[in-house]
Amino acid sequence: MRVPITWLAEFIDLRDTPEKIAEILTLAGHEVEEIFDPYRKLGEIVSVKILEVLRPEDLREVCLCKVTDGKEVYTVLTTAIDQVKSGQVVAFAKPGSMTFDHRRIETKVVKGYESKGSFVSPFEAGVSEIKDRLLIFSEETEIGKSIYDLLQIKEPVLEVAITPNRGDLLSIYGITRELHLITGWDLKVLSLDKEKLPLISYPGRIEIQDTDGCYRYAGRYLRGVKVGESPFFVLKRLFLCGQRPINNIVDITNYVLLELGQPLHAFDWNKIRGGEILIRRANPQEKLTLLDGREIELHEKDLVIADREEALVLAGIMGGESSGVSESTEEIFLESAWFNPKRIRLSGQRHRITTESSYRFERKVDPEGIPLALKRATELILALMPNIEVSEIVDQYPCPYQPPSIDINLRKIHKILGFELGREKIDSFLFKLGEVKCEGEAYSIRPFSYRQDLSLPEDLVEEIARLYGYDQIPTTFPKATIFSARPRSDLIFNKKVKEILRAFGFYETINYSFINPGSIEALNLNPTDRRLDVIRLTNPISHSLSVMRTTLLPGLLETARFNIHREVENLRIFEVGKVFYPAKDLAEEREFLGLLLMGDMVKTPWEGKKRPLDLFDLKGVLEAMSLAMKLPLQLRPGSEEPFLKAGQSFDIYLEGKRVGYAGAMKKLIIEDFDLKEPLFVAELDLEVLVEPYFRAQKNITVNKPPKYPSTFRDITCVMEKNIPFEAIEKFLLNLKLPYLEKVDLVALYEGEPIPQGHKSISLRFWYRAEDHTLRDEEVEKIHEDIAKGLFDHFRAKPR
Amino acid sequence: MKIEEIQRIKDEALRELRALRSLSDLENFKVKFLGKKGSITQALREIKGLPLEERKKTGAELNQLRQYLEDELESKKRELLFLEEDKPLDIDITLPGRRPLYGGVHPLAKVIDELCEVFTPLGFEVVTGPEIESEYYNFTALNIPEWHPARDMQATFYLQSGALLRTHTSPIQIRAMLARKPPLRIIAPGKVYRCDADVRHSPMFHQVEGLMVDREVSFSDLKGVLSYFAREVFGEGTRLRFRPSYFPFTEPSLEMDIGCVICGGEGCRVCSNTGWIEILGAGMVHPEVLRAVNYDPEQWQGFAFGLGVERIAMLKYGIDDIRLFFENHLYFLESFK
């Protein structure tokens, strides 16, 4: 909220600078975000000297002036022919600036003459009500200076962030009341109890039909008003608070809203049929055209102010177009009410409208301030139009406000705060908040009607702490029960996975959880694939961030794309994060791991060894991960994922369950993502790995240094090319041979002189006995059996 | 052979020994003096003609010399072999080495770990919660009913199912309290979502939530724990400021500022010329929240706090654009290792 310091000063004896006031408010919980001067925000309005006045013959009612601010020369057209003469120093608004009455100053061309900027009147400059002449300075005035510096006009305004619980601070008067509470500075209490004028009787009828929506409704009738422009002081304060003027009546209601925080509404009396005002629920399908010209269809839960025929106003939110005050209005009805904050808020949300008025009603207005605001508005109108007739105030208040009675005792205060604050201090604070009854150590407080944020003992404790000063409160360490919890296993596991991948040269990325639906569609998934069944946001920021991801792939591909367009072609990245599937209860969220490798395998450049990544780079990472985690991940060739090349991919299994996939992405899909080959990806469901991981950590076989030497024998043989290595491994594993420690693949060769469709494969068999040094003949015997078995099984021939 | 002759050989050998510079010198020397036809070998052969006494004496002397030279040669040879190994290779060793790859964790993950590590030694348990939440956990149970203006503070993404993306990590408080019996201490990091995006806001960001409930935990204790935290994260000399604030789920509430780390309190763009930077919001758990999880507010009280991870990371590393975290450019990621 904007708080002009000069307006504050009307109600309180300000004993410090704007900066210090800002600090006081901030430390009391009302953060001052900025101190600024609205005049300085108008742009460059400076003093210039008129160098020359020209009267070209083809220009009739204007003349052309050459002026300078000391740096540049501007030509300006002006109609104030009889006021300008060379040598004069005048106020000049440069192009791009704005006048007090919201006119944007631009460069114009009239009959081929360019006019840059404009002379301004004292009114246009916002310094007085004078409109009929230019703002002229004495000839010795310094040129090129801000006119506000020259006139010593300073209007500091505080931009204060008011928390939603403190509706009472959404006004100038409210802020002064708060400043008084914190500092004790003298408050000039606003009191308008006695109106010294003859009142006519109220000519109409008011009925609150919806007492849940409207707690209090007061109003009065005024006859003989003349609608026109507001006086300068009203215009200036609206300007300081960033509001545009409409007409004197509406401006005064807005003025009172800013000053006292109570929204008012002015009706054209003649538009209220039968002089009958009904506060009721809207009828089904009832329509209303609002002040901003928008027609809305009302909801039965909306509260409206209606006459006997139709809704005139969306109560507390916005007036209707037809019943508003216009130029020709002579009789008005002024409304001041207290509406149910919840109803106003829900109604505003339903129609997506927030106004200065609804904002305040939602945050609770002071129920006891309703008539005061009416009187204040009357006072301001009377000052302009002393001869109008004013009715009595009609005040419908079926259920007068009852402040809550809050019980609190010293023990509770000390228990929450954690230290003992002197009784006198506590007393002095509590007495500033409402009516206090005190018995021994127990207090009973009925807060002032404007402090509707106070309803619980804890609220009072905060007030005590706040008035004492948060910085004064001691800092202590809790006296707490000793216990400690073991870190959760999934978090430990995730950390381990990240550590391993980092050691393999991968960088962790974090991508948005919402993605472009098109990026999933681009994956060529089977129409029944679960990943196409995405959770959609109803109010996304944009289409490209509109569905919850069901796979980490799109995010990783997007990151790869971002990198490749910014000089990074070789990338190894991963992400650990959630994917989301629809479920009965909220959603099914699963923690996944995604991997992406792209570009070349870069070796030392001076060796000239650089080669494109291939499948075995990805496979190696997964195998090494599997070893590092002691999880026997199984890579089954030929993934079912339609976005992977079937011949260059795997499905990943653990203990017979599919837990992920890995492989080369199809080129056509990569190109859709504006990326290029080679590009490999993998994705694993981490949640299913956690339990097997911890199980595996318990079963560690400890190997010792060998006591007896090992020995090896090689077999090199030729077999059909299409026999997979995996089959050979499996065959050897099933042999269950004594002393065989391991088998290494040492060479693989195809080409001359090996016949077409065949390959030469060399295997090295390592033998060792635990209890003796193997003799040659022992080894030979076993090894011959193996060789024979291998040759027979695979129809291989020794080479 | 005369004594003088032997003396001459001796002198010559010792002189040449000193002059040895290379392994080939060494070989030549060996041949010249100690080889089959070497002068010492020759001399040993020639002394046979000398009288016994003299033969004995000269023979001993020559053998001694031979032994001496052999020993010297051996050590000289080692010396030269060492020198040999010091010779530069025919390669520029200032060329880059073969580096094993080493990646990095994301800076936000790193900061989250650091934040959690401040609290785990105090017995806080790290917990997480769902990112897709219900109105109840995200708002209602936290004392933010549907009509509450505080909902304006958090622009919410809704899903077609009526669920929403959690706007803060506070719903984890509710879930943790329901799943446990007091006393409890938790620290809960995670992703949160709000529908705004610009240089300072990202529609997805991270928070860390803390909660402690016990019999006697007070507002002063909250200040103590937060001060400890700020100094652990930002350094011993960090200036702190506590301001009243408002959150529907805490009462009393506060916000903590630290002295601006960019300008040192002088005033700059980052701290909007105030010299202070807001770091977190906190407060005593609201009695309505305790009631929502069936904790008796007369028996249990506690505090909760929530902080923005991106903000802390930006301050710690001097990052001025929040989007950098989610673009994941390699150069950026490499900065953190």
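The values are calculated or read from the model by the stated rules, or taken from the named source; none is laboratory data. Here the structure is a predicted model, which is why all the values come from computation and not from measurement. FYI the Cβ positions are ideal-geometry reconstructions off the backbone, even for glycines, and counts take in every protein chain you see. Surface accessibility is based on the protein's heavy atoms, side chains included, excluding ligands, DNA and RNA. Shrake-Rupley method; radii C 1.70, N 1.55, O 1.52, S 1.80 Å.
When you scan region A:773-784, do you find a residue that is under 23 Å from residue A:619 (Cβ atoms) and open to solvent by 50 Å² or more (accessible area, probe 1.4 Å), even just one? Taking every residue of region A:773-784 in turn, none turns out to be under 23 Å from residue A:619 (Cβ atoms) and open to solvent by 50 Å² or more (accessible area, probe 1.4 Å).
Rundown of residues vs (1) over 16 Å from residue B:67 (Cβ atoms); (2) loosely packed, with under 15 Cβ neighbours inside 10 Å; (3) among the polar types (S, T, N, Q), yes/no style:
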site	(1), (2), (3)
B:11	yes, yes, no
B:18	yes, yes, no
B:23	yes, yes, no
B:26	yes, no, no
B:30	no, no, no
B:33	no, no, no
B:37	yes, yes, no
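Taken over region A:431-463, the criterion of being within 21 Å of residue A:215 (Cβ to Cβ), open to solvent by less than 50 Å² (accessible area, probe 1.4 Å) and not in a strand (DSSP E or B) is satisfied by A:449, A:451, A:452, A:453, A:454.
Looking only at residues that are buried (at least 17 other Cβ atoms within 10 Å of the Cβ) and under 17 Å from residue B:253 (Cβ atoms) in region A:469-487, which one is farthest from the other protein chains (Cβ to nearest Cβ)? The qualifying residue farthest from the other protein chains (Cβ to nearest Cβ) is A:473.
Every residue, every condition in (1) crowded, with 19+ Cβ neighbours inside 10 Å; (2) out of contact with any strand residue (DSSP E or B) (no Cβ under 6 Å at 6 or more places or on another chain), yes or no:
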residue	(1), (2)
A:594	yes, no
A:606	no, yes
A:609	no, yes
A:612	no, no
A:620	no, yes
A:646	no, yes
A:665	yes, no
A:671	no, yes
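Residue count for region B:76-98, restricted to those that are in contact with a helix residue (DSSP H, G or I) (Cβ under 9 Å, 6 or more places away or on another chain) and either more than 14 Å from chain A (Cβ to nearest Cβ) or open to solvent by 100 Å² or more (accessible area, probe 1.4 Å) (or both): 6. Residue-level check: of (1) more than 46 Å from the chain's Cα centre (by Cα); (2) in a strand (DSSP E or B); (3) surrounded by fewer than 19 Cβ atoms within 10 Å (Cβ to Cβ), residue A:58 misses just (2).
Looking at B:290, B:333, which is the one that is part of a helix (DSSP H, G or I), touching a Gly at 6+ places or on another chain (Cβ under 7 Å) and within 11 Å of chain A (Cβ to nearest Cβ)? Talk me through it step by step, then tell me what you get.
Values: B:290 fails: touching a Gly at 6+ places or on another chain (Cβ under 7 Å).
Going through B:290, B:333 in turn, just one is part of a helix (DSSP H, G or I), touching a Gly at 6+ places or on another chain (Cβ under 7 Å) and within 11 Å of chain A (Cβ to nearest Cβ): B:333.
Please report, ordered by residue number, the strands (runs of 3 or more DSSP E) entirely within region A:291-349 with at least 1 residues that are free of Cβ contacts under 8 Å to residues at least 12 places away in the same chain and more than 25 Å from residue A:255 (Cα to Cα).
A:295-297
Among residues belonging to region B:102-112 that are more than 8 Å from chain A (Cβ to nearest Cβ) and open to solvent by 10 Å² or more (accessible area, probe 1.4 Å), point out the one that is farthest from the chain's Cα centre (by Cα). Only one residue fits best here, namely B:112.
Per the listing A:141, A:211, A:183, A:163, the residue uniquely surrounded by 15 or more Cβ atoms within 10 Å (Cβ to Cβ), more than 23 Å from residue A:432 (Cβ to Cβ) and among the polar types (S, T, N, Q) is A:141. Residues that are buried (at least 16 other Cβ atoms within 10 Å of the Cβ) and on the phi > 0 side of the Ramachandran plot were ranked within region A:89-136; the one that is nearest to the chain's Cα centre (by Cα) is A:126. Would you say residue A:579 is within 14 Å of residue A:662 (Cβ to Cβ), surrounded by 15 or more Cβ atoms within 10 Å (Cβ to Cβ) and within 11 Å of another protein chain (Cβ to nearest Cβ)? Criteria not met by residue A:579.
So that you can scan it fast, the table gives a plain yes or no per residue for (1) over 22 Å from residue A:41 (Cβ atoms); (2) out of contact with any strand residue (DSSP E or B) (no Cβ under 8 Å at 6 or more places or on another chain):
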residue	(1), (2)
A:98	no, no
A:105	no, no
A:123	no, yes
A:129	no, yes
A:138	yes, no
A:142	yes, no
A:146	no, no
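Residues that are within 30 Å of residue A:24 (Cα to Cα) number at least 1 in the following strands (runs of 3 or more DSSP E) confined to region B:163-275: B:204-214, B:240-247, B:250-259. Considering only residues in region A:560-595 that are touching a residue at least 24 places away in the same chain (Cβ under 8 Å) and among the acidic types (Asp, Glu), the one that is farthest from residue A:514 (Cα to Cα) turns out to be A:569.
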